[in-house]
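Colleague: The structure is given below, and queries will be raised subsequently.
The values are calculated or read from the model by the stated rules, or taken from the named source; none is laboratory data. Everything numeric here is computed off the predicted structure, so don't read it as measured data. Cβ placement follows ideal geometry from the backbone for every residue including glycine, while neighbour counts extend to all protein chains displayed. The accessibility values were calculated without ligands, DNA or RNA, using every heavy atom of the protein model including side chains. Shrake-Rupley method; radii C 1.70, N 1.55, O 1.52, S 1.80 Å.
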Amino acid sequence: MISVIIPTIDAEDSLVRTLSALVPGVVEGLIKEVIVVDGGSTDATLEIADSTGCRIVHADASRGLQLWQGCREARGDWLLILHSDSQLGEGWMDQIHLHMRQYPQRAGYFRLTFDDPSWLAAFWAEALAFRARWFGAPSGDHGLFMSRALYDAVGGYKDQAAYEALSMDLSLGRARLRAISTPLITSGERFKRKGWAFSQIGKGLSFIAYLLGFPPKPPKKA
């Protein structure tokens, strides 16, 4: 039924937790395959993916390209796209079943929370939720769930280094996006390294720059 696509690069510290949350879906038969699209990891990421039965696909270290490649390889009728440091919360299968039954023509994104109790982390999660709700552009940290038919209808991720959150979401538009109540717990470590305030400003500027036609920088290794 579902192909899970996870782009990775040096993700050994978080990938096990991300995959563990998917186990009930594999056991139930809801998840057909988990595709790890690796951008050149030098740590134990590939060993973890291989030992847990994931399909491994190699791609350049650009998240847009990784997602394009992973979705192209996917064989499921539904696509679930997650970051390697994001863990689905309890009850996610019930919400996925609900979405599949009642909203097949819409793409769902999850309720983003960070594993950081600070008010800055909470503020950033709310800011991204506001952007998703009113601008139709959820962050990659929200995850994305949609039918293969809808993915193909809107053109999917582009075969280029594209700003992940917008490379497909602008084609979807607000009318075809839906918030899923399940929490998606994402690591705040990369934000803490730079400082939450600096990260928020940087993300905002990157978002505006992409809208103005400037290409994004490829992600750095962790």
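Colleague: How much of Asp60 can a 1.4 Å solvent probe reach, expressed as accessible area in Å² and rounded to 10?
Modeller: About 110 Å², ignoring ligands and nucleic acids.
Colleague: Now for a different question. If DNA, RNA and ligands are ignored and the probe is 1.4 Å, what is the ranking of Thr113, Thr52, Thr186 by accessible area, most exposed first?
Modeller: Details: Thr113 40, Thr52 80, Thr186 0 Å².
Highest to lowest solvent-accessible surface, that is Thr52, Thr113, Thr186.
Colleague: Tell me, what % of the accessible area of the range 1-78 is carbon and sulfur with a 1.4 angstrom probe? Provide the component values of the computation, followed by the final result.
Modeller: Values: 1590 of 3290 Å².
So the carbon and sulfur contribution to the accessible surface is 48 percent.
Colleague: Just to verify a number: FRET efficiency for His97 and Asp60, C-beta to C-beta distance, R0 = 41 Å, to 0.05?
Modeller: Numbers: r = 35 Å, r/R0 = 0.86.
According to the calculation, E is roughly 0.70.
Colleague: Ignoring ligands, DNA and RNA, please state the percent of accessible area on the range 107-154 from carbon and sulfur, probe 1.4 Å.
Modeller: On the way: 1380 of 2070 Å².
Here carbon and sulfur together make up 67 percent of the probe-accessible area.
Colleague: A further question follows. Using a basic spin-label model with each label point 7 Å from the Cα along Cα→Cβ, how many nm lie between Arg178 and Asp43?
Modeller: Label at Arg178, label at Asp43, 3.6 nm between them.
Colleague: Next question. For the range 1-74, what is the accessible area per residue in Å² when the probe is 1.4 Å?
Modeller: On the way: 3010 Å² over 74 residues.
Counting only protein heavy atoms, the per-residue value for the range 1-74 is 41 Å².
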